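These notes are about the structure you will find just below.
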Amino acid sequence: MAVEVCICLKDHLDSVEKIQDISPLEGDLEWVEDEIHTKEIAFVEVEEEDNKRKPIVVILVGAPGSGKSTFCDHVMRVSTRPWVRVCQDTIGNGKAGTKAQCLAMSVTSLKDGKSVLIDRCNLDKEQRADFVKLGQSHKVDIQAMVLDLPAKLCISRSVKRTGHEGNLQGGKAAAVVNRMLQKKELPKLNEGFSRITICQNENDVRAAMDTYGALSSADTLPSGCFGEKKTDNKVQVGIMKFLKKVDAPSKVSSDKTIPGSSSRTTKENPTLNEGQEQSGTCPLEGVPTLAFPSISTADFQFNIEKASEIIVETVEEFVNKIGNARLVLVDLSHGSKILSLVKTKAATKNIDPKKFFTFVGDITKLRSRSLHCNVIANAANWRLKPGGGGVNAAIFDAAGPELDTATKKRAGSLTPGKAVTVSLPSTSPLFSKEGVTHVIHVLGPNMNPKRPNCLKNDYNMGCKVLREAYSSLFESFASIVRHQEKLSDSSCVEPDAIPHCDQKVRREEASVAEKNKKFKGFIEVAESEKWDALDGKQNATDCGKTGGHVKKDWGTWSQALYRIAMHPEKHKNDVLEVTDDVVVLNDVYPKAQKHLLVLARAEGLERLADVGREHLPILRTLHAVGLKWAEAFIKENESLIFRLGYHSAPSMRQLHLHVISQDFNSKGMRNKKHWNSFTSPFFLDSVDVIQEVREQGKATLKDDDKLLSMELRCNRCRSAHPNIPRLKSHISICKAPFPAHLLQNNRLLHAPIKDDPC
């Protein structure tokens, strides 16, 4: 092309020389003019053709929510230059693809003579390098369009948007953008760019869109760096204050200086300026933080001295398991005794004060006191209901009805020593005003005789339950931190690949569902191997026993009793009785003339293996309700004999007591497994379970599968039979006494035996 231009230029100059040598008498002036005009046209056409054949590559640089896709759409819509948008979110037939696919598509577009818009985040030099090399190898201009908008604007857009191509939206977007911007590296000309345009506000972006939108195929832009107002701009911090500007408090009240904040305040500037970062510490807004109240020491009247020891011990155990996250014990009262005790004990343990400290303030308004906590704990009641005063009432009130709705979806009740995590919807005032993304409900032991499940000053049990409560709380927080780190880590390489996170969740859920079908009930997984998904629900990641406390992951069909126990109001046609503690209903597939189920309504009590000494009140309630119904049936039909008990390994989720008549005259009794589950040691009598839990702290389970495959024997005379029809025929006429062990300790319930008349 350069040779052709030179030839045309030489011909043009030769023509000019001819004009100088020719006189009007020796030639025709019109011929001379035509000759010059022809050569000039040829020169211009070659020059325009050269420009038309030179596409450009524009690499967009910006966080999610900065407007990269909007920029591309506008330019492609209004420009006469042929453009191709290369977006990793959609490059795989409308789905997320890889960087290699983006490079391949860019090469194809350049060969077709089309200019390319690289729609990726490209926030560091390494992410941009391959695209810069690609442009250089094709001898085209490489330009950078930097959308360096305020961080809080990017986060606000990301959180509020819906239907995003990469599915980066909602609450998870805030953590991703925060993590990415901490590693932001603005492009420089020495990377290989011919032009860099930096937009630091929306007006800059509109001007840049107009500039690139007006480019025709023949237009070019001057080289250089444009729009840069500061050299080596600092990373914007404090960006979690994106949903609402925080009013500066008149005074920060804390019994400890917040790590990462300045201890110096003035009337003009009582809080940290947004974006300020203290040397050697993490920015306040970027650190995952759990704020929690003292559990059980208020309304439940637990001894404060003992509680402070347990808090410090469990904090010491967990503080190094949560990375750079922080734990903050919060109390509303100045001069709080629990804060003073914990602060003193923590100092003697040399616990890092940057990772654990105490704070005076309202747990629902910490951001306005310059302390941002993305997770807060609620000292809940066992029903997980709003009200009741104290922290529970304050948190439910601050979070609005959204928290109550979200809580009901997760659980209907809570057992002492347990915790349940609830993701706050972005519409909750506690989310929008305070930046709280999760509330962890936790229930501690009760020493107040005026409250349910009082332990009556049994501090051996009380300390155990309180320690379990804090451990469950901190483990739930650690799970949130790990999950957010996974999202953030995947986004640090290239956040446009975030859709794979949701795809992975769906794949794992499908895998679990398939395994549930295979095993027809549940998959056993170690407690430590559970993975906290995007919606906060826990899914199994492995099957088989791996040691430690084993937890079931129940299949869909086996959740029916749990749903009824948690929401009996939705099953009014099936329920016989409902109280705060239990639900009574007929077994859908009864194994005898009378067969009831008495369900516990406590969250976390899925089967007998979950029961400890602290659950004795629940076991006694289940037994009392079952006994009441059995006695009522016996009054109607004195020939009935009942047995109350539990299966060692139930097939249905939620602890339930069987109240079953011993005639076993039902179409539901169809096979050997059915029979042996009620007549072998697999079936544990309620009175024995209560005694064992009271004396040993747990029930002795007899869950060997061999018990269910034993030969068929009469439950009275113990005679053997070849099949169920023969067995049923026998037991309908068998009048032998029951085995001796069943006649003891009120294991069998029957009508009073009448003396024969003389």
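Brief remarks follow.
- Residue-normalised accessible area of the stretch 307-433, expressed per residue, 1.4 Å probe, Å²: 39 Å²
- Rounded to the nearest 10 Å², the accessible area of M76 at probe 1.4 Å: 80 Å²
- Accessible area per residue for the stretch 556-749 is 48 Å², calculated with a 1.4 Å probe on protein heavy atoms, without ligands, DNA or RNA.
- Measuring with a 1.4 angstrom probe and ignoring ligands and nucleic acids, H721 comes out at about 40 Å² accessible.
- Residues with amide H under 5 Å from that of N378, placed H, sequence gap 5 or more: I440, H441, V442
- Here is the tail figure for the stretch 637-758: Cα pairs spaced more than 22 Å apart come to 38 percent of all pairs.
- For the stretch 647-758: relative contact order, % (alpha-carbon pairs under 8 angstrom, 6 or more apart): 25 percent
- Model label points for S137 and Q696, set 7 angstrom from Cα along the Cα-to-Cβ axis, are 7.1 nm apart.
- Rounded to the nearest Hz, the phi-derived 3J(HN,Hα) couplings of the stretch 617-625 under the Karplus curve 6.51 cos²θ - 1.76 cosθ + 1.60 (θ = phi - 60°) are x, 5, 4, 5, 5, 4, 5, 5, 5, where x marks glycine and proline.
- Cα pair distances in the stretch 556-749, grouped into 5 Å bins until the bin that holds the longest one, percent each: 1, 7, 16, 20, 22, 17, 11, 5, 1, 0
The values are calculated or read from the model by the stated rules, or taken from the named source; none is laboratory data. Bear in mind that the values here come from a model prediction, so they are computed numbers and not experimental data. No Cβ is skipped: glycine too gets one built from the backbone with ideal geometry, and neighbour counts run over all protein chains shown. When the accessible area is computed, the model is the full protein with side chains, heavy atoms only, and any ligands, DNA or RNA have been set aside. Shrake-Rupley method; radii C 1.70, N 1.55, O 1.52, S 1.80 Å.
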